[in-house]
1. From the list 24, 5, which residue is surrounded by 14 or more Cβ atoms within 10 Å (Cβ to Cβ), over 22 Å from residue 115 (Cα atoms) and at pLDDT 90 or above?
2. Looking at segment 1-22 only, could you name the residues that are touching a residue at least 12 places away in the same chain (Cβ under 8 Å) and more than 15 Å from the chain's Cα centre (by Cα)?
3. Going through segment 82-92 one residue at a time, which ones are assigned to a loop (DSSP other than H, G, I, E, B) and without any contact (Cβ under 8 Å) to a residue 60 or more places away in the chain?
4. State all residues of segment 29-50 that are under 23 Å from residue 191 (Cβ atoms), out of contact with any strand residue (DSSP E or B) (no Cβ under 7 Å at 6 or more places or on another chain) and either surrounded by fewer than 22 Cβ atoms within 10 Å (Cβ to Cβ) or at pLDDT 95 or above (or both); if no residue qualifies, say none.
5. Could you check segment 100-138 and list, in sequence order, the residues that are in contact with a helix residue (DSSP H, G or I) (Cβ under 7 Å, 6 or more places away or on another chain) and under 16 Å from residue 158 (Cα atoms)?
6. Read through the list (1) in contact with a helix residue (DSSP H, G or I) (Cβ under 7 Å, 6 or more places away or on another chain); (2) surrounded by 22 or more Cβ atoms within 10 Å (Cβ to Cβ); (3) modelled with pLDDT under 95, then give the number of the only condition that residue 72 fails.
7. Consider residue 67 against the criteria (1) crowded, with 19+ Cβ neighbours inside 10 Å; (2) under 13 Å from residue 8 (Cα atoms); (3) in contact with a strand residue (DSSP E or B) (Cβ under 8 Å, 6 or more places away or on another chain): it satisfies all of them except one. Which criterion is unmet?
């Protein structure tokens, strides 16, 4: 099975308010991402929270997902990914890969997620990354065979260090969907990309 991990533990300092709770299409970012993932071949959804988790938890509690609290969220994104992977250990034998998505990338294509999953199984590659006009984006699919490396990777380098070490075992999937590279970190980026949609 494929488990999706949505990283939503940061402080949203540049935005000034929790990115997970920003409105989009009548929902919040986190609700939009989770509902999109629920309509894909993903079998389990984990949302990792850290900064002020109660505020976001109340929004997503009814969505029947797994919530993981990362007390070390200040150590960066990799610490949240590690917390999620550790939470999967009871299911470790059933999980073939994790689909890692960031809460500040609200435009997530259900058909692209399904295509990434299909191509992962067909290609037998360790990593599947969508690209738009040659630029890498999110979500990223990481094989279970990388879990040990991710758990032991330096926190300051993040998961990128593991991805870089496996260039030859990475499948880049080019897509017309610009959403894979749209990252909302500031009020200006929110106005440009969300309010105009």
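1. Working: 5 fails: over 22 Å from residue 115 (Cα atoms).
Unique residue meeting the criteria: 24.
2. Going residue by residue through segment 1-22, those that are touching a residue at least 12 places away in the same chain (Cβ under 8 Å) are 1-12, 14-16, 18-22.
Passing the criteria: 1, 11, 12, 14, 15, 16, 18, 21, 22.
3. Restricting attention to segment 82-92, the residues satisfying the condition of being assigned to a loop (DSSP other than H, G, I, E, B) are 88, 92.
Once the filter is applied, which keeps residues that are assigned to a loop (DSSP other than H, G, I, E, B) and without any contact (Cβ under 8 Å) to a residue 60 or more places away in the chain, segment 82-92 yields only 92.
4. Filtering segment 29-50 for residues under 23 Å from residue 191 (Cβ atoms) gives 29-33, 36.
Still in the list and also out of contact with any strand residue (DSSP E or B) (no Cβ under 7 Å at 6 or more places or on another chain): 29, 31, 36.
Correct list: 31, 36.
5. If the condition is that a residue be in contact with a helix residue (DSSP H, G or I) (Cβ under 7 Å, 6 or more places away or on another chain) and under 16 Å from residue 158 (Cα atoms), then 100, 101, 127, 137, 138 are the ones that fit.
6. The one condition residue 72 does not meet is (2).
7. The number of the failed condition is (1).
A quick yes/no check of all residues on (1) modelled with pLDDT under 95; (2) surrounded by fewer than 20 Cβ atoms within 10 Å (Cβ to Cβ):
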{"position": "89", "(1), (2)": "yes, yes"}
{"position": "106", "(1), (2)": "yes, no"}
{"position": "122", "(1), (2)": "no, yes"}
{"position": "149", "(1), (2)": "yes, yes"}
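The values are calculated or read from the model by the stated rules, or taken from the named source; none is laboratory data. Note that the structure is a prediction, hence the values are computed from the model and not measured. No Cβ is skipped: glycine too gets one built from the backbone with ideal geometry, and neighbour counts run over all protein chains shown.
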